[in-house]
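Structure first, commentary second.
The values are calculated or read from the model by the stated rules, or taken from the named source; none is laboratory data. Keep in mind that this is a model prediction, so the values were computed, not measured. Neighbour counts are summed over all protein chains in view; Cβ atoms, including those assigned to glycine, are modelled from backbone coordinates with ideal geometry. Note: areas computed on protein heavy atoms with side chains; ligands, DNA, RNA excluded. Shrake-Rupley method; radii C 1.70, N 1.55, O 1.52, S 1.80 Å.
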Amino acid sequence: MRIDIITIFPEMFVGPFSESIVKRAMQKGLVEIELHDLRAHTTDKHNRVDDYAFSGGAGMVMMIEPVDNCISALKEKRHYEEVIYMSPDGEQLNQSLCNQLSLKQNIILLCGHYKGVDERIREHLITREISIGDYVLSGGELAAAVLADSLIRLIPGVLNDETSALSDSFQYGLVSPPVYTRPRIYNEWEVPAILLSGHERKIEEWKLDQAIERTRQKRPEL
Ligand code: SAH
């Protein structure tokens, strides 16, 4: 999978992409991420990427020309299945959308800033709009990092234990059962005896029961 990210703050991605699972996936060549600084696609000498909104009102708006230049340059190199604008009013991200998008070969993520982007970008250059929740961030970068992380961990070979993404919350409409590690007893708080029984079938049944019960308690709408 290849993810091209268009942003005016490429440095914001350094942290999220330089540790842990995403870093390893990049090193193994399972995902290629390229950051594109929108300012490099401006044509005026001040490298302007935003301007005042027509009709006034507070806040700046990201201009169409640099975004169009950047997307066009990328499209000349390869075919993109999706050009996604991160937007609070987009389709809300969930595990089934992550599963679906993780199967794509090449996608572009566009990060907005300020008041957002010129509406003509959304009308003509974007194939999809995704929100990471009903709240407003100051920019699309954190949202794009969340989306990228959620997709990358689903790519086969990225997680060590192949089945581990499948046993995570939401994959089967359930949240995960509880997990424990050593020590077996801490402050008189014990690990459920069943998990130490070695009885594999009973343990699986217990995990499923727990997952169902937790889902009922915490997320009944699932
Ligand atoms: N004026 C806009 C918000 C702009 S916030 C509105 O009210 O809808 C600035 C940028 O942050 C947006 O262009 C978008 O790219 C990003 N952003 C903010 N909240 C987001 C969210 N919940 N999900 C995805 N992107 C978000």
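Quick notes on this one:
- For the residues Glu123, Glu119, Glu190, Glu141, the requirement of being of a type in the set (D, E, K, R) and touching a Lys or Arg at 6+ places or on another chain (Cβ under 9 Å) singles out Glu190.
- Leu147 meets the stated requirement of being within 16 Å of the ligand (Cβ to nearest atom) and touching a Leu at 6+ places or on another chain (Cβ under 8 Å).
- Checking each residue of region 144-152 against the condition of being of a type in the set (Val, Ile, Thr) and part of a loop (DSSP other than H, G, I, E, B) gives no match.
- Reported count of residues in region 175-218, each being free of Cβ contacts under 8 Å to residues at least 24 places away in the same chain and of a type in the set (Val, Ile, Thr), is 6.
- Looking across region 73-131, the residues that are more than 10 Å from the ligand (Cβ to nearest atom) and small (Gly, Ala, Ser) come down to Ala73, Ser96, Ser102.
- Residue in region 47-67 that is open to solvent by less than 60 Å² (accessible area, probe 1.4 Å), away from the ligand (no atom under 16 Å from the Cβ) and modelled with pLDDT of 95 or more present: no
- Scanning region 22-36 for residues that are surrounded by fewer than 17 Cβ atoms within 10 Å (Cβ to Cβ) and either within 11 Å of Ile8 (Cα to Cα) or not hydrophobic (A, V, I, L, M, F, W, C) (or both) returns Lys23, Arg24, Gln27, Lys28, Gly29, Glu32, Glu34.
- Hits in region 95-142 - residues which are in a loop (DSSP other than H, G, I, E, B) and open to solvent by 80 Å² or more (accessible area, probe 1.4 Å): Leu103, Gln105, Tyr114, Lys115, Thr127, Asp134, Tyr135, Val136, Ser138
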